[in-house]
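S.K.: Mind looking over this structure? Questions follow.
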Amino acid sequence: MKSLRTATCAGLLPLLAFTGCTVGPKYEKPDVSALTPATWKWQQASPRDSQPRGEWWRIFKDAELNRLEAMALGNNQEIRMAMARIDQARAAAGLSVAAYAPDISVDGRAQRERTSGNPPSPVPIAIPSSHINTFSVPLQLSYEIDLWGRVRRSIESANAQVDASVGDYHSVLLSLTGDVASQYFLIRSLDSQMAALQRTLASQEKTFGLIDQRFTAGTIPEADHARARSEVATVKADMADVKRQREETVNVLALLCGQPASQFSVSRAEIQGTPPKIPAGIPADVLERRPDVAAAERLVAARNAEIGVEIAGYFPTVSLTGQAGYLSKDTSSLFNADSRVWSFGPSVSVPITGVFVTKAKVARARAVHEESTAKFRQSVLSAVKDVETSLIQIRYRKEQTVAQKEALDAALKATALTRQLYEGGSISYLELLDAERTSLLRERQYALLKAQGHIATVGLIRALGGSW
């Protein structure tokens, strides 16, 4: 027995020595240097490692936004689904690692059979029938030696897919927190518009009271009275529309926060302050931390490893099989020394006609790898486009907001002067009505632009993978 074990181990050494061989192409990250800019079109590139990257929404210094983001992170179902996909990928990786270990099982059996007294035979011989008992407790072993690295490539692919699923999770996380911030600032814009409409309504109702008195006294025509009443009703209709938009947006935010829409609310408040300032420079290579870009790159690595898995099909498969245990006719002697049985030996499977199937599988794996490489490069191009677009939006939204503020201040001043002239009887009501409409339009546009400035900053943060 000892000599047999020694001979067996000696025979396995040459086989095990080959387990360091791994077929298939070695992974090299696709070169995207030609796709990423040395500097951004609207920004000079210089690293800013001190900028926050985690809870990026805190740069807005808004307590209500912080509360909503925390609620979304704790309750959103999309995040839970993404986490479950990570667990699935890790479990699949565990299955790949399990292929390294031998398959060992115990198959205990108890059998009683009756032999025939008339077995088929060229010469008729009378054989009495008999009953035979068989009891066995075999330990079976099967192990495929990973000579060509098929298992290692499978593990490499599975681990890369785990990393890709983690990247997808962070993509969901970034998308969620960005959507929460965008919807929140949209709600604040509607709150600002509502405040402007309420101020306008109060002014219109005051004006209508004055016009009603003059109409009753017969000093102004009925047309002015009708116009004033129509203008009050129009402002009320606009208020109802803004309320509708706000409630619909709050419902969207409730879904993002994982809350029932019927039990969710957001307090009213106007946008305060200006969007956070962009640092003097943003490094172009910051795109590599974008989770969708990172996930796409990991999928390229996974597909590259799968080429090696398929190439391994060209080579022989060497397996070790063995069985050891006890076999006896009755249970009393089952575990005696004389009841021990064993068998051991390697098997080699050499593909012949299957080589054509393997060739097709390798060609398909290479094509899938090319597709994933193109997707990775496309994700980089998309990231560059997102950053440039966000920088452009921030720049021109700021210019537009400054100009709109000047227009609003001038319109408010013009309205105040026009009201004085109207109340003094120097001008018609139509001129006052036109001034008030212009002021309301400018104020609503200014509120919307302030929100769009904040939303554009959120867009840049998302484009960069989380702050800058």
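The values are calculated or read from the model by the stated rules, or taken from the named source; none is laboratory data. In this text, all values refer to a predicted model and were calculated from it rather than measured experimentally. Virtual Cβ from ideal backbone geometry, glycine too; neighbours counted across all protein chains shown. Heads up: the accessible areas ignore ligands, DNA and RNA and are worked out on the full protein's heavy atoms, side chains in. Shrake-Rupley method; radii C 1.70, N 1.55, O 1.52, S 1.80 Å.
S.K.: Applying the selection to the stretch 239-277, what residues are among the β-branched types (Val, Ile, Thr) and either in a loop (DSSP other than H, G, I, E, B) or open to solvent by less than 60 Å² (accessible area, probe 1.4 Å) (or both)? Can you show your working first?
M.R.: If we filter the stretch 239-277 for residues that are among the β-branched types (Val, Ile, Thr), which is where we start, we get 242, 249-250, 252, 266, 271, 274.
Scanning the stretch 239-277 gives VAL242, THR249, VAL250, VAL266, ILE271, THR274.
S.K.: I need the full set of residues from the stretch 454-468 which are modelled with pLDDT under 85 and more than 10 Å from ALA383 (Cα to Cα), in order please.
M.R.: Listed by number, the residues that qualify are GLY466, SER467, TRP468.
S.K.: Just one of SER347, SER332 is surrounded by fewer than 16 Cβ atoms within 10 Å (Cβ to Cβ), modelled with pLDDT of 80 or more and not in a loop (DSSP other than H, G, I, E, B); which is it?
M.R.: Working: SER332 fails: modelled with pLDDT of 80 or more.
The conditions single out SER347.
S.K.: Could you say whether any residue in the stretch 114-124 is at pLDDT below 90, open to solvent by 70 Å² or more (accessible area, probe 1.4 Å) and of a type in the set (A, V, I, L, M, F, W, C)? Explain how you work it out, then say what you get.
M.R.: Let us first name the residues in the stretch 114-124 that are at pLDDT below 90, namely 114-124.
Filter again for open to solvent by 70 Å² or more (accessible area, probe 1.4 Å), leaving 114, 118, 120, 122-124.
When the remaining residues are screened for being of a type in the set (A, V, I, L, M, F, W, C), the result is 123.
The answer is yes; a qualifying residue exists.
S.K.: I've got another one for you. Taking the stated definitions as given, is GLN420 surrounded by fewer than 19 Cβ atoms within 10 Å (Cβ to Cβ) and more than 23 Å from ASP191 (Cβ to Cβ)? Give the derivation first.
M.R.: On the way: surrounded by fewer than 19 Cβ atoms within 10 Å (Cβ to Cβ): yes; more than 23 Å from ASP191 (Cβ to Cβ): yes.
Judged against the criteria, GLN420 is a match.
S.K.: Out of all the residues in the stretch 350-377, which are under 33 Å from the mean Cα position of the chain (by Cα) and open to solvent by 100 Å² or more (accessible area, probe 1.4 Å)?
M.R.: Selection gives ARG364, ARG366, GLU370, LYS375.
S.K.: Would the stretch 427-435 turn up any residue that is more than 25 Å from the chain's Cα centre (by Cα), of a type in the set (Gly, Ala, Ser), more than 24 Å from SER189 (Cα to Cα) and surrounded by fewer than 19 Cβ atoms within 10 Å (Cβ to Cβ)?
M.R.: First, pick out the residues of the stretch 427-435 that are more than 25 Å from the chain's Cα centre (by Cα): 427-435.
Pick out the ones that are also of a type in the set (Gly, Ala, Ser) and you get 428, 435.
Narrowing further to those that are more than 24 Å from SER189 (Cα to Cα): 428.
Remaining after also requiring surrounded by fewer than 19 Cβ atoms within 10 Å (Cβ to Cβ): 428.
Yes, because at least one residue in the stretch 427-435 is more than 25 Å from the chain's Cα centre (by Cα), of a type in the set (Gly, Ala, Ser), more than 24 Å from SER189 (Cα to Cα) and surrounded by fewer than 19 Cβ atoms within 10 Å (Cβ to Cβ).
S.K.: Which of the residues that make up the stretch 295-329 are small (Gly, Ala, Ser) and part of a helix (DSSP H, G or I)? Walk me through how you get there before you give the answer.
M.R.: We begin by selecting, within the stretch 295-329, every residue small (Gly, Ala, Ser); these are 295-296, 301-302, 305, 308, 312-313, 319, 322, 324-325, 328.
Of everything in the stretch 295-329, those that are small (Gly, Ala, Ser) and part of a helix (DSSP H, G or I) turn out to be ALA295, ALA296, ALA301, ALA302, ALA305, GLY308, ALA312, GLY313.
S.K.: Follow-up. Suppose we filter the stretch 53-90 for residues that are open to solvent by 20 Å² or more (accessible area, probe 1.4 Å), in contact with a Leu (Cβ under 8 Å, 6 or more places away or on another chain) and hydrophobic (A, V, I, L, M, F, W, C); how many remain?
M.R.: 1
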